[in-house]
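Everything on this sheet refers to the single structure shown next.
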Amino acid sequence: MKTVWISGASTGIGFATAKKFLNNKWKVIISSSNYEKLILAKKELLLKSKNKELYSYKCDISDRNQVNETVNKITKEIGNINLAILNAAAYTPNKEQVFSIQNFEKLIDVNLKGTLFCIESLINNMKNNLNHIAIMASPVGYRGLPTGAAYGLTKAGLINLAESLFFDLKKEKIKISLINPGFIESELTKLNSFPMPFLKSADYAAEKIYKGLTGKYKFEIFFPWFFIIILKLLRILPYKLYFFLISKFTKL
């Protein structure tokens, strides 16, 4: 039985993905910085699955020591991690477009540094057994968008990180996958005050993630296809045209 660790799995995409792996007979480890939500998530997952190989650990990924302790506990108490899905993230929409260094620091600490702490600990502890790391980014990292400077900065960083690690971890025989979902129903997207095109359910996302990570290897897993292709095309537009189109669309 293979083992998957999913961070930020108490709600949203993480929870739905844990359910999908559990129902497909994986040994599933979930973690979250919110202990109460984590316990509720574990109870709900166990009620909905015949597979009882589910384990939970409280872990704030922005705390390097907590990450190392968690990964050490997992390896000692459960065993080797075959696949790690680094899903945990923070999001605070900047609706007033006010520059706030505190907001940047918070998202950098969780989304960027937290993901790096997880990768560091996984590689140091599992070099001979871990064979797949999946990094949850976002298509908002493709290009700069209004009100999304802090969040977009961290996700753009994760996209670049995954691209670089694809080469760097080849020698360790560790595969890297990048996950770029469109708008998915979750606690985070509920914070948005703008229309979200092609909004999909967390179960839809979990299905795409599971197939993408357990089928033939692919570097980038993105969905829904049509929406992400539009965003990919925007990446190649010259700045003048890109700024004009985004300003017109967002009415800024």
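We did not get these values from a lab; they are worked out from the coordinates using the rules stated. Note that the coordinates shown come from a computational prediction; the quantities given were computed from them, not determined experimentally. When we count neighbours, we look across all protein chains shown, and the Cβ atoms used for this are built from the backbone with ideal geometry, even at glycine.
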Span per principal axis, largest first, for the Cα atoms of the chain (Å): 54, 40, 36
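For region 39-140, report the convex hull volume of the alpha-carbon atoms normalised per residue, in Å³, without decimals.
Roughly 139 Å³ of hull volume per residue.
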Once you keep just the Cα pairs under 8 angstrom separated by 6 or more residues, what percentage relative contact order results for region 3-250? 18
Globularity index of region 135-236, i.e. its alpha-carbon radius of gyration over 2.2 N^0.38 Å: 1.10
Give the order of Ile135, Ile108, Ile13, Ile39 when sorted by the count of other beta carbons within 10 angstrom, beginning with the fewest. Ile39, Ile108, Ile135, Ile13
For the table Lys155/Lys175; Lys155/Lys240; Lys76/Lys106; Lys27/Lys211, the rows whose alpha-carbon distance is greater than 21 Å are Lys155/Lys240; Lys76/Lys106
Aspartates and glutamates within cross-link reach of Lys20: Cα-Cα under 16 Å, excluding same-chain residues under 8 positions apart? Glu44, Glu53, Asp203, Glu207
Region 34-86 shape via C-alpha gyration tensor axes, a/c threshold 1.5: oblate
Based on Cβ point charges of +1 for Lys and Arg and -1 for Asp and Glu, what charge dipole magnitude is obtained for region 3-250 about its Cα centre, in debye rounded to the nearest 20? 760
From fewest to most C-beta neighbours within 10 Å, the residues Ile61, Ile230 line up as Ile230, Ile61
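Among the listed pairs Lys42/Lys200; Lys2/Lys73; Lys73/Lys232, which have their C-alpha atoms separated by more than 29 angstrom in this model?
Long pairs (Cα-Cα over 29 Å): Lys73/Lys232.
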Amide H within-cut-off set for Ser177, under 5 Å, with H built and near neighbours excluded: Ile133, Ala134, Ile135
Which far-off residues, 5 or more places away or on another chain, put their amide H under 5 Å from the one on Ser201, with H placed in the peptide plane? Glu185
Could you work out the Kirkwood radius for region 1-55, taking every pair of different alpha carbons, averaging 1/r and inverting it, reported in Å? 10.6
